[in-house]
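So the structure is just underneath, and the comments pick up after that.
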Amino acid sequence: AQSVTQLDSQVPVFEEAPVELRCNYSSSVSVYLFWYVQYPNQGLQLLLKYLSGSTLVKGINGFEAEFNKSQTSFHLRKPSVHISDTAEYFCAVTPSDAGNMLTFGGGTRLMVKP
Amino acid sequence: GAGVSQSPSNKVTEKGKDVELRCDPISGHTALYWYRQSLGQGLEFLIYFQGNSAPDKSGLPSDRFSAERTGGSVSTLTIQRTQQEDSAVYLCASSWRGNTQYFGPGTRLTVL
C-alpha cells in the first residue's frame with residue numbers, strides 16, 4: 001500500500017514570491033508521482049508527473065518538482081507565484097506497474113496575496 | 001481533443017433515493033476510474049475498470065454503490081438508497097493503459 005503526506009494544509013504567500021509545497025510518500029514498490037491542481041468548483045488538472053528519467057520535472061504554469069528517492073519526497077516549486085495560482089494542490093502516487101488507482105495526499109491550499 | 005466529461009454537474013436528491021452519475025472518458029482510453037472527494041475524507045478511490053477485465057471494486061464504501069462500463073467506454077456510477085454521508089463530489093478519470101490519469105469536472109451530489 002502507498003501513503004502520501006502533504007505537510008502543509010495551507011500556504012500563504014505574497015505575489016511574485018517563491019513557493020514550495022511539500023510532499024512525502026511511503027511505498028514498498030516503485031511508484032509514479034503526480035501533482036494535480038484544483039481551482040474552485042473544477043476537477044483536477046495535471047500539473048506535472050514523474051515516471052522515470054530526470055528527477056527534475058517541469059510542468060505547466062511555470063511549476064517544477066524534484067523526485068528524491070532517498071528522502072521519498074516530491075516537492076513542488078515555483079520561483080514566482082501569481083494571484084491566479086491560488087488553488088488547491090494535490091500530490092498523488094501510483095505503483096509503477098501501470099493501471100492502479102492514485103493515492104492522494106490531503107492537499108495544500110496555496111493562497112497568493114497581493 | 002475532448003476531455004473527460006461528467007453529467008450531471010450538480011445533483012440534489014432526497015435521502016433514500018437512487019442516483020446515477022455518468023462519465024464519458026477520453027476517446028481511446030482503456031482505463032476508467034471513479035473517485036470521491038469529500039471534506040472529511042479527502043480524495044478516495046472507488047472503482048477502476050481496465051479494458052475487458054473484471055473491475056477493481058476495492059474502494060466502494062458499501063454495497064449501495066455499484067458501477068458499470070458499457071462497451072468499454074461510458075461508465076455509470078449508481079448509488080442506491082442515498083444517505084447524507086454520500087454527499088460529495090464524484091470525480092471520474094481515464095487513462096491510456098493505466099499511466100497518467102485525466103480527470104473530469106466532477107458531479108457534486110447533495111443528499112438532503
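The values are calculated or read from the model by the stated rules, or taken from the named source; none is laboratory data. Treat the numbers as computed from the prediction; the structure is a model and nothing was measured. A quick note on method: Cβ atoms are made from the backbone with ideal geometry, for glycine too, and the neighbour counts reach across all protein chains shown. Surface accessibility is based on the protein's heavy atoms, side chains included, excluding ligands, DNA and RNA. Shrake-Rupley method; radii C 1.70, N 1.55, O 1.52, S 1.80 Å.
Scanning for something away from chain A (no Cβ under 11 Å) and part of a loop (DSSP other than H, G, I, E, B), does the stretch B:88-107 turn up at least one residue? No, there is no match, as no residue in the stretch B:88-107 is away from chain A (no Cβ under 11 Å) and part of a loop (DSSP other than H, G, I, E, B).
Here is a yes/no grid of residues against (1) without any contact (Cβ under 8 Å) to a residue 40 or more places away in the chain; (2) aromatic (Phe, Trp, Tyr); (3) open to solvent by 50 Å² or more (accessible area, probe 1.4 Å):
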| position | (1), (2), (3) |
| --- | --- |
| B:VAL4 | no, no, no |
| B:ASN10 | no, no, yes |
| B:ILE26 | no, no, no |
| B:GLY40 | yes, no, yes |
| B:PHE45 | yes, yes, no |
| B:SER53 | yes, no, yes |
| B:LEU60 | yes, no, no |
| B:THR70 | yes, no, yes |
| B:THR76 | no, no, no |
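When A:VAL29 is tested against (1) in a strand (DSSP E or B); (2) in contact (Cβ under 8 Å) with a residue 60 or more places away in the chain; (3) of a type in the set (A, V, I, L, M); (4) open to solvent by 30 Å² or more (accessible area, probe 1.4 Å), exactly one condition is not met: (1). Filtered by the rule that a residue be of a type in the set (Ser, Thr, Tyr), modelled with pLDDT of 95 or more and in a loop (DSSP other than H, G, I, E, B), the stretch A:73-114 gives A:SER80, A:THR86.
Would you call A:GLU88 surrounded by fewer than 21 Cβ atoms within 10 Å (Cβ to Cβ), farther than 17 Å from B:THR100 by Cα and in contact with a Lys or Arg (Cβ under 6 Å, 6 or more places away or on another chain)? So that I can check it myself, show each step before the final result.
On the way: surrounded by fewer than 21 Cβ atoms within 10 Å (Cβ to Cβ): yes; farther than 17 Å from B:THR100 by Cα: yes; in contact with a Lys or Arg (Cβ under 6 Å, 6 or more places away or on another chain): yes.
Yes: the conditions hold for A:GLU88.
Identify, from the list A:LEU51, A:LEU21, A:LEU46, the residue that is within 14 Å of another protein chain (Cβ to nearest Cβ) and over 22 Å from B:ARG36 (Cα atoms). Give the steps one after another, and end with the answer.
On the way: A:LEU21 fails: within 14 Å of another protein chain (Cβ to nearest Cβ); A:LEU46 fails: over 22 Å from B:ARG36 (Cα atoms).
None of the others qualify; the one that does is A:LEU51.
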